[in-house]
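In what follows, a single structure is set out as structure tokens and then discussed.
The values are calculated or read from the model by the stated rules, or taken from the named source; none is laboratory data. Quick caveat, the model's predicted, so the values are computed rather than measured. A quick note on method: Cβ atoms are made from the backbone with ideal geometry, for glycine too, and the neighbour counts reach across all protein chains shown. Remember, those area values only see protein heavy atoms, side chains included, never the ligands or the DNA or RNA. Shrake-Rupley method; radii C 1.70, N 1.55, O 1.52, S 1.80 Å.
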Amino acid sequence: MAECDTLYSSRREKLVEHVFVGEILRNLWRSGVHEVDVLRAETDASGYDIVVEVGSVVRHIQLKSSALNSSTSRQKVNLALGNKPSGCVLWVLFNSSTLELGPFLWFGGIPGDPLPDMTSFPVAKHTKGNAEGLKAERANIRVIAKGKFTKIDSISAVVEKLFGLQPVKQP
């Protein structure tokens with residue numbers, strides 16, 4: 001399975017994104033919220049992958065994903081996300097065998113508040129070095145440690161964080 005994870009990581013990342021959006025929409029539907037807009041960024045130059053609008057709340061969301069057994073301990077986040085209203089980072093953990101989502105890791109504020117200030121976090125570096133082997137800094141990218149994220153156990157609790165809506169009782 002590990003070779004498959006490496007070979008198809010981009011496809012799996014998109015699959016996790018689609019499942020996540022579907023779960024959010026299903027939870028909102030079950031809560032009686034039927035008017036939802038979901039927009040996808042063509043590029044991630046502004047620091048977000050999707051925009052979800054529910055009522056007056058517009059969330060610019062940077063999605064990150066890792067398998068539950070992954071050793072990933074930090075994420076790189078574009079400072080431009082802090083310029084978006086209600087920007088947030090949602091780190092989706094998933095079971096690599098079943099692709100079941102959760103738990104989730106959250107970095108953001110309440111609906112209407114901007115992303116917490118990231119300028120004090122370490123500046124990211126390029127993964128590949130130049131001809132001399134030096135890895136240049138990426139001035140607009142910050143590294144956020146896993147410990148700075150808040151754990152969220154369910155998709156309904158994610159919806160509550162995103163939009164301030166009360167979670168749907170799971171059957």
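Of Lys14/Lys148; Lys125/Lys146; Lys64/Lys148; Lys14/Lys64, which ones are farther than 22 Å apart at the Cα?
Correct reply: Lys14/Lys148.
Tell me the mean residue ellipticity at 222 nm calculated for the chain from its helices only (DSSP H runs of n ≥ 4, each -39500 (n - 2.57), averaged over every residue, nearest 500).
Calculated mean residue ellipticity at 222 nm is -7000 deg cm²/dmol.
What percent of all Cα-Cα pairs in the chain falls in each 5 Å bin, counting up from 0?
In order of increasing distance, the bins hold 1, 8, 16, 20, 21, 16, 9, 5, 2, 1, 0, 0 percent.
Could you tell me which GluC sites (Glu not before Pro) in the stretch 27-80 are loop residues by DSSP with no more than 10 other beta carbons within 10 angstrom of their beta carbon?
Glu35, Glu42
Normalised by the residues of the chain, what does the relative contact order come to in percent, with Cα pairs under 8 Å and at least six apart?
Contact order relative to length: 19 percent.
Name the longest site-free stretch of the chain, where the excluded sites are trypsin sites (Lys or Arg not before Pro) in a DSSP loop with no more than 13 other beta-carbon atoms within 10 Å.
Result for the longest clean stretch: 1-127.
Over the stretch 21-69, consider all pairs of different Cα atoms and compute the Kirkwood hydrodynamic radius from their mean reciprocal separation; express it in Å, one decimal.
Evaluated on the stretch 21-69, it is 12.0 Å.
Describe numerically, in nm with one decimal, the distance between label points set 7 Å from Cα along Cα→Cβ at Leu99 and at Ser73.
3.1
Mind listing which GluC sites (Glu not before Pro) in the stretch 119-163 are in a DSSP loop and have 14 or fewer other Cβ atoms within 10 Å?
Glu132
Under 20 Å from the Cα of Lys76, which aspartates and glutamates turn up, not counting those fewer than eight places away in the same chain?
Glu13, Glu17, Glu42, Asp44, Asp49, Asp117, Glu137
Percent relative contact order of the stretch 79-171, based on C-alpha pairs within less than 8 angstrom and at least six residues apart?
Dividing the mean separation by the residue count of the stretch 79-171 yields 26 percent.
Can you give the accessible area of Thr43 in Å² (nearest 10), computed on protein heavy atoms with a 1.4 Å probe?
Counting only protein heavy atoms, the figure is 90 Å².
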